[in-house]
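In what follows, a single structure is set out as structure tokens and then discussed.
The values are calculated or read from the model by the stated rules, or taken from the named source; none is laboratory data. Please read these numbers as outputs of a predicted model, since none were measured by experiment. Every residue, glycine among them, receives a Cβ derived from its backbone with ideal geometry; neighbour counts consider all protein chains shown. Heads up: the accessible areas ignore ligands, DNA and RNA and are worked out on the full protein's heavy atoms, side chains in. Shrake-Rupley method; radii C 1.70, N 1.55, O 1.52, S 1.80 Å.
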Amino acid sequence: MTTALAPRLRPLPSRKSTILSVLDIGTSKIVSLIAKLNPAEASDTLRGRTHRCRILGIGHQRSRGMKGGTVVDMLEAESAIRLAVDAAERMAGVQVESVIINVTGGRLASQLFDAKVSLLSRNVGENDVHRVLEACAHRGMQHGRAVLHALPMGFSIGETRQIRDPRGMIGDELGAAMHILNCDVAAVRNLMLAVERCHLGVDAMVATPYASGLSALVDDEAELGTAVIDMGGGTTSIGLFSGGSLTYVDAFAVGGHHVTMDIARGLNMRLADAERLKTLHGACLASSSDERDMIAVTKADEDGDHATHVPKSHLVRIIKPRVEEILELVRDRLHAAGFAAHAGRRLVLTGGACQLTGLSEMAQRIVSGQVRIGRPLGVQGLPDVAKSPAFSAAVGLMIYPQVSGIEHFRPGSGRAPAAESDRYMHRVGRWLRNSF
């Protein structure tokens, strides 16, 4: 039984500025961000952040070669990644050598493990903490699955539980609980290979709902219990935060692109025209004026000069069933994860597909009582177009290095396996850069 671990990222020095590059590879879009991270004073609402991000460059490209969050055409995906990174490099005047990327496909899954070890002495030391976390990580090993995150959830000594840092405390036995988030190794390998074929290294891989939560949640929401629903083009992913930690992750391959395809089929339109119609006029709840409001529809076999006009209510009737299906899937998976037991049951919606008119009201009715649209928080220099829920995951990738130190990685773990020739050339390139 073997487990491949995604690349490990060293925590950022708390008093040092750095330039960081990230790559949000989605089914509908690819976003490249280059930012400078400067040390920041502690904040009451974003207490976990040690740096303030200032965007230097942004590249935005329509995604190609991706389906359901996984690579289905290597050449197309590589080309789209190159274009997005090149645009960000030109804007920032910086050459990108390595990036942090997100993972949405590959059947994201969560598992909780616990373990106990006898203490070598009465006082808990660093070695004791490492041994108990190692025992948890060992239980989480699975053949064909790549570990993206290994998050300690808390420690126990005797009957005392929910200890955040047991070092220096006295006891006979130390226990720990760990949340391990994994996905299919093949999905990780192909995503890394698409990036490495662009002559870029992969510093770390972050689950998309985790990145969106880091970007859009304030500390109190993560502490009290909040579900982040990232509604992308090809997938909808779920991240449940409680006690200040990520406690559950899930995903399914239905998203905004399925709404677009429903419109294209229902109105006999080209996909590009259906996407534009959804963006300009799409809604999932009916209003009193929908029967009177007429919208222009260009059929697949017509040109723009011969548009047909249909009432907006017809478009709403096409969109509504698919959105209800997505939200019902979210509700069922949250209930299976125990979200119904959380007081308040807050829901934060991110991702481009959550911007449909009326979606938050529908989510309030189907899933939870408290719903808001989540946008990137605490970032400077974002253009207005990027201050939307669609960019929450991309911004969250820049925040991840500030919290990566809480994760546990097995000694000697390295990158998930990539093509041998690409891996060799990457090592040679890194040696040349460091030596000359």
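Put simply, of LYS36, LYS67 the only residue that is closer than 15 Å to VAL379 by Cβ and surrounded by fewer than 20 Cβ atoms within 10 Å (Cβ to Cβ) is LYS36. Restricting attention to region 267-321, which residues are closer than 20 Å to LEU356 by Cβ, outside any helix (DSSP H, G or I) and touching a Leu at 6+ places or on another chain (Cβ under 9 Å)? Passing the criteria: MET269, GLY282, ALA283, CYS284, LEU285, ASP290, ILE295, ALA296, VAL297, VAL310. Checking each residue in region 378-402 for being crowded, with 19+ Cβ neighbours inside 10 Å and part of a loop (DSSP other than H, G, I, E, B) picks out only LEU382.
Residues in region 367-377 that are of a type outside the set (Lys, Arg), open to solvent by 20 Å² or more (accessible area, probe 1.4 Å) and not in a strand (DSSP E or B) were compared, and the one that is modelled with the highest pLDDT is PRO376. Of all residue pairs spaced 6 or more apart or on separate chains, those with beta-carbon atoms under 9 Å, a first member in region 269-290 that is within 21 Å of HIS306 (Cβ to Cβ) and a second member that is of a type in the set (D, E, K, R) and not in a loop (DSSP other than H, G, I, E, B) are ALA274/ASP262; ALA274/ARG265; HIS281/LYS312. Is there a residue in region 204-219 that is small (Gly, Ala, Ser), over 10 Å from the mean Cα position of the chain (by Cα) and closer than 22 Å to SER98 by Cα? Checking region 204-219: at least one residue is small (Gly, Ala, Ser), over 10 Å from the mean Cα position of the chain (by Cα) and closer than 22 Å to SER98 by Cα. Taking GLY93 as the residue in question, decide whether it is within 20 Å of the chain's Cα centre (by Cα) and at positive phi. No. Under the condition of being out of contact with any helix residue (DSSP H, G or I) (no Cβ under 7 Å at 6 or more places or on another chain) and among the small types (Gly, Ala, Ser), which residue from region 93-135 is nearest to LYS67 (Cα to Cα)? Going through the qualifying residues, I end up with ALA109.
Listed conditions (1) modelled with pLDDT of 95 or more; (2) open to solvent by less than 30 Å² (accessible area, probe 1.4 Å) are all met by GLU324, apart from (2). Taking the conditions (1) modelled with pLDDT of 90 or more; (2) open to solvent by 70 Å² or more (accessible area, probe 1.4 Å); (3) over 26 Å from MET231 (Cα atoms) in turn, SER288 satisfies each one other than (1). State whether the residues of region 346-357 include one that is out of contact with any strand residue (DSSP E or B) (no Cβ under 8 Å at 6 or more places or on another chain) and in a helix (DSSP H, G or I). No. Does any residue of region 251-271 turn out to be under 30 Å from GLN402 (Cα atoms), buried (at least 20 other Cβ atoms within 10 Å of the Cβ) and either in contact with a Gly (Cβ under 6 Å, 6 or more places away or on another chain) or of a type in the set (Asp, Glu) (or both)? For region 251-271, residues under 30 Å from GLN402 (Cα atoms), buried (at least 20 other Cβ atoms within 10 Å of the Cβ) and either in contact with a Gly (Cβ under 6 Å, 6 or more places away or on another chain) or of a type in the set (Asp, Glu) (or both): present. Out of all the residues in region 227-244, is one or more assigned to a helix (DSSP H, G or I), open to solvent by less than 10 Å² (accessible area, probe 1.4 Å) and among the polar types (S, T, N, Q)? Taking every residue of region 227-244 in turn, none turns out to be assigned to a helix (DSSP H, G or I), open to solvent by less than 10 Å² (accessible area, probe 1.4 Å) and among the polar types (S, T, N, Q). Would a scan of region 156-167 turn up a residue that is of a type in the set (D, E, K, R), over 25 Å from PHE391 (Cβ atoms) and buried (at least 19 other Cβ atoms within 10 Å of the Cβ)? No. Scanning region 93-114 for residues that are part of a loop (DSSP other than H, G, I, E, B), open to solvent by less than 40 Å² (accessible area, probe 1.4 Å) and more than 15 Å from ILE19 (Cα to Cα) gives THR104, GLY105, GLY106, LEU108. Filtering ASP172, ASP128 for residues that are open to solvent by 50 Å² or more (accessible area, probe 1.4 Å) and in contact with a Leu (Cβ under 7 Å, 6 or more places away or on another chain) leaves a single hit, ASP172. Out of ARG82, ARG90, ARG15, ARG47, one residue alone is buried (at least 18 other Cβ atoms within 10 Å of the Cβ), among the basic types (Lys, Arg) and either outside any strand (DSSP E or B) or modelled with pLDDT under 95 (or both). It is ARG82.
For (1) without any contact (Cβ under 8 Å) to a residue 40 or more places away in the chain; (2) outside any loop (DSSP other than H, G, I, E, B); (3) under 22 Å from ASP86 (Cβ atoms); (4) open to solvent by 10 Å² or more (accessible area, probe 1.4 Å), each residue gets a yes or a no:
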residue: VAL188; (1), (2), (3), (4): no, yes, no, no
residue: HIS199; (1), (2), (3), (4): no, no, yes, yes
residue: ASP203; (1), (2), (3), (4): no, yes, yes, yes
residue: VAL206; (1), (2), (3), (4): no, yes, no, no
residue: GLY213; (1), (2), (3), (4): no, yes, no, no
residue: GLU221; (1), (2), (3), (4): no, yes, no, yes
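Return yes or no: is THR279 of a type in the set (S, T, N, Q) and surrounded by fewer than 17 Cβ atoms within 10 Å (Cβ to Cβ)? So THR279 fits the description; yes.
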